1. Which pairs do you get when a residue that is more than 30 Å from Ser733 (Cβ to Cβ), found in the stretch 746-765, comes within reach of a residue that is part of a loop (DSSP other than H, G, I, E, B) and of a type outside the set (D, E, K, R), reach meaning Cβ atoms under 8 angstrom, with the pair 6+ apart or on two chains?
2. Consider Asn822 carefully, then state whether it is buried (at least 20 other Cβ atoms within 10 Å of the Cβ) and of a type outside the set (Val, Ile, Thr).
3. Name every residue in the stretch 561-602 that is within 30 Å of Ser710 (Cα to Cα), loosely packed, with under 15 Cβ neighbours inside 10 Å and touching a residue at least 24 places away in the same chain (Cβ under 8 Å), in order of residue number.
4. Would the stretch 14-25 turn up any residue that is assigned by TED's automatic domain parsing to the domain that holds Glu163, among the polar types (S, T, N, Q), outside any helix (DSSP H, G or I) and modelled with pLDDT of 75 or more?
5. If you go through the stretch 834-844 one residue at a time, do you hit one that is among the hydrophobic types (A, V, I, L, M, F, W, C) and surrounded by 17 or more Cβ atoms within 10 Å (Cβ to Cβ)?
6. Specify the residue that is modelled with the highest pLDDT; the eligible residues are those in the stretch 395-425 that are within 25 Å of the chain's Cα centre (by Cα) and among the small types (Gly, Ala, Ser).
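The values are calculated or read from the model by the stated rules, or taken from the named source; none is laboratory data. Bear in mind the structure is a predicted one, so any value in this text is a computation, not a measurement. Note that each Cβ is placed from the backbone with ideal geometry, even for glycine, and that neighbours are counted across all protein chains shown.
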Amino acid sequence: MKKKNFAKISLFILISILLYACNAEKRVPARKQLLVKNEIFENGKLLKNPTVYEQLYQQPNSSVLGYRMLLNIYNLANPNPDSTFNLKYLNNKKKYDREVKWLSAKQVQGLRKSFWYLGIHNFLKETGEAPVILDTVKARKSLARLKSYYFNKGYFNVNATYEKDSLTPKRGELKYNLTTGNPYFIDSLRTVIQTPVLDSIYKTAPSLIVPGKQYKTEDFEGEKNRITTLFRNNGAFRFQANYVTFDIDTINKKDKASVILNVGNYSYQENDSTKTEPFKLYKISEIKIYTDYKAERHDLSIKDSVTYNNMNLYGFEKIKYNPHAITDAVFLSKGGLFNDNKTVLTTRYLNNLKIFNYPTVQYVVDKRDTLRESLVAKIYLSPRKKYSFGYTLDVTHSNIEDFGITGSVTETVRNVFNGAETLELSARGNIGASNDIAKSNDSFFNVSEYGVDAKLNFPRILFPVKTEKIIPKSMIPSTVVSLGLSKQTNIGLDKENFTGSFSYNWTPKFNTTTKFDLLNFQYVRNLNPENYFHVYTSSYDALNDIGKTYNTNPTYIDEHNNLIIESGTSGFTKDVLTGKTVLRPDDQEYQDVSNIEQQRIRLTDNDFILATNFSFTKTSKKDLQDNSFYTFRTKIESAGTMLSLISNVSNIPKNANGNYEIFNLEYSEYIKTEFDFIKHWSVGKTSVFAMRTFFGIAIPYGNSNTIPFSKSYYAGGANDNRAWQPYNLGPGSSSFSNDFNEANMKIAMSGEYRFIITGKWNGALFVDAGNIWNAFDAVKYEPAKFNSVEDLKEIALGSGFGIRYDLGFFAVRADVGFKTYNPALEIDKRWFTQYNFANSVFNFGINYPF
């Protein structure tokens with residue numbers, strides 16, 4: 001009884017505290033009101049545009065589904081902890097004397113700043129939100145800001161008022177009423193540019209201010225920036241944006257504005273007077289590059305110099321770079337006009353070499369020019385250390401590895417061949433725990449991998465002929481040669497993986513990257529293929545169940561009537577597929593055995609892949625704070641084509657399977673393409689809606705009738721359809737469960753609404769859809785194949801919710817997915833029959849899924 005009473009009392013106290021905290025007006029001062037709502041009416045119509053509401057100086061306390069969590073957390077804090085301490089101790093002499101007997105007077109005073117008397121209340125205040133008190137002074141400021149916002153949109157005669165609506169004595173809302181009138185349009189544009197040479201340059205490009213277009217302040221700011229960029233890219237070294245002004249005339253004009261664009265002459269101080277003169281167009285008379293500059297060397301004498309490509313290179317010590325490696329990174333040219341854009345490109349290219357610290361370009365007027373129309377460009381390069389050592393240690397999680405620890409060490413060598421090349425040599429290792437790769441045992445860490453890698457970066461395109469016209473150096477091209485060797489060890493199949501590539505990289509435009517792998521090879525060697533059924537236990541269980549019914553060879557089984565691994569499993573499979581049992585190709589069990597064997601071959605065969613691929617990525621994301629952006633990725637890959645061409649020309653004979661071999665190994669031949677699109681929308685001030693769509697297909701041909709396992713697709717997992725475990729969804733409507741269900745075609749779609757719960761805690765509601773199928777390959781199992789658009793009804797649907805803790809540089813994520821539509825079930829049982837926690841999937845991840 002005592003325990004039950006204690007539980008009831010604890011529950012009563014907890015509910016009482018929550019109800020007390022939920023009194024939102026608790027910290028609202030007397031004769032004041034909590035602002036609970038803002039409404040803006042434009043010409044009598046209620047607005048929903050969040051951008052307009054952001055103009056208001058006061059916003060109600062944030063809420064989730066109407067509950068003001070942060071406000072209630074703030075209300076839990078004691079507003080005056082010092083007074084509470086004084087009342088408990090200093091104003092109660094008996095209690096104070098009693099505490100001093102146990103603690104010293106100094107220790108009792110120290111309690112004032114302890115966590116329980118002060119710290120917890122400061123924490124609650126910092127975590128929560130103070131009540132937003134309705135303030136009419138700020139309401140009047142909001143009116144001024146609203147009028148300014150509409151003025152910038154071309155509404156010059158806005159009438160704005162507000163009214164306060166008292167909902168209760170302690171709660172109120174503000175209603176803003178705007179009467180905009182008609183917007184103003186540009187009637188005409190006239191230019192007054194005092195420097196004739198600038199006037200000529202101005203006429204070479206169209207203006208952003210166009211007669212007939214609605215007035216917008218942002219167009220005028222854009223025009224000012226456009227003119228500044230245009231002039232400074234054409235030699236106007238002294239020009240700044242403040243030289244551009246606009247006169248706007250609306251007198252005696254109905255809803256129209258005449259615009260005069262003014263560009264004044266260059267203004268400068270001479271002695272105590274201000275003088276003006278027409279702007280000059282500056283040419284670069286000399287380019288000086290200091291290859292080993294340091295601030296402390298500024299006054300030292302130059303010890304080495306060389307002239308190359310009309311540029312002078314200087315060294316305070318011996319110059320350690322081939323001249324072309326430096327001059328290729330410089331976009332300035334002797335005798336050319338000053339150009340801001342070329343200055344930025346030069347700095348960007350030099351920085352991208354990764355051998356200098358913060359390269360800078362400075363200009364000084366050439367004193368040798370009596371007309372003072374020439375500039376000396378000085379480029380200061382501060383070399384990084386030739387050798388540098390780095391290491392990483394990470395906790396990882398993936399769709400296969402439940403928990404892992406990864407570490408690496410890297411040695412970087414810069415300017416390897418004196419041409420600004422960079423060599424990276426690294427060693428890496430990983431230990432992890434997984435329930436997917438191998439059968440469980442007493443060891444927590446049952447997966448390990450280690451490897452070595454080498455990557456050599458050339459800051460240019462290495463090709464027999466010049467590529468400048470196709471890929472100009474303004475795209476910052478590079479050539480990367482890489483090699484890697486790794487060994488994966490688990491408690492069953494172990495693998496060695498040897499990889500290499502010869503790649504070109506360039507950036508056609510800002511936020512756009514392109515990569516072309518001229519050669520990309522991968523050799524996968526399985527070390528213990530005989531352990532397949534020890535590792536993939538569900539495949540063994542399925543085969544064994546069939547064997548107990550249809551096996552007729554007693555040498556295949558042990559004393560428990562189970563198939564012996566490896567002799568029994570391989571023997572029974574061969575008997576089934578060669579017609580030595582009663583099973584026939586139309587039987588379901590025959591198809592299951594065929595699928596198991598096909599899966600075993602795919603996962604245990606050694607693979608050699610020689611591919612060429614092209615990938616393109618474009619994003620509109622400006623920075624980490626940008627919540628409204630898109631990212632588009634596409635890739636096309638062709639494997640084996642070159643080898644088949646060589647084999648045909650060389651008349652190399654085919655093997656018994658009718659395929660070509662290299663190094664006694666059938667190489668893979670396929671074409672693969674992928675499209676990935678991600679879009680984020682900002683919803684209000686703190687919420688985001690994110691969407692992702694993906695399509696990929698790999699089609700085997702020629703030397704192959706299936707796709708290598710490493711190039712196939714799977715569905716499910718923390719970054720895919722979160723209602724299924726990785727590799728557990730599909731293909732198609734098939735219900736046969738392999739350890740790794742994979743296929744050569746995939747469709748995936750996801751939508752996620754993300755919102756702030758409190759502080760760094762965020763929430764999410766999501767819907768994931770998609771599946772994998774076999775298409776244009778050797779798989780004959782109909783439920784797994786994609787034959788027509790009718791098979792799109794096999795797209796699985798999962799939905800759920802998630803909690804995320806945002807640490808700034810990364811987020812920790814936990815999601816729960818529910819099977820909303822499961823295509824593996826019978827048609828009348830697919831919707832919501834597994835929508836419960838018993839069939840849900842818990843996913844843990846690092847960072848957001850897309």
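1. Listed pairs, sorted by first residue: Arg754/Tyr848; Phe755/Thr686; Ile756/Ser62; Ile756/Thr686; Thr758/Gly128; Lys760/Leu807.
2. Taking the combined requirement at face value, the residue satisfies it.
3. Answer for the stretch 561-602, where residues must be within 30 Å of Ser710 (Cα to Cα), loosely packed, with under 15 Cβ neighbours inside 10 Å and touching a residue at least 24 places away in the same chain (Cβ under 8 Å): just Glu566.
4. No, there is no match, as no residue in the stretch 14-25 is assigned by TED's automatic domain parsing to the domain that holds Glu163, among the polar types (S, T, N, Q), outside any helix (DSSP H, G or I) and modelled with pLDDT of 75 or more.
5. The answer is yes; a qualifying residue exists.
6. Selected residue: Ser408.
Listed here are the residues, each with its yes/no results for (1) without any contact (Cβ under 8 Å) to a residue 40 or more places away in the chain; (2) farther than 30 Å from Ala611 by Cα; (3) out of contact with any helix residue (DSSP H, G or I) (no Cβ under 8 Å at 6 or more places or on another chain).
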| position | (1), (2), (3) |
| --- | --- |
| Arg525 | no, no, yes |
| Ser539 | no, yes, no |
| Pro554 | yes, yes, yes |
| Glu559 | yes, yes, yes |
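Quick grid of which residues meet (1) within 19 Å of Gln55 (Cα to Cα); (2) at pLDDT below 85; (3) assigned by TED's automatic domain parsing to the domain that holds Asn38; (4) of a type in the set (D, E, K, R):
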| residue | (1), (2), (3), (4) |
| --- | --- |
| Lys95 | no, yes, yes, yes |
| Gly110 | no, yes, yes, no |
| Trp116 | no, yes, yes, no |
| Ala139 | yes, no, yes, no |
| Lys170 | no, no, yes, yes |
| Leu174 | yes, no, yes, no |
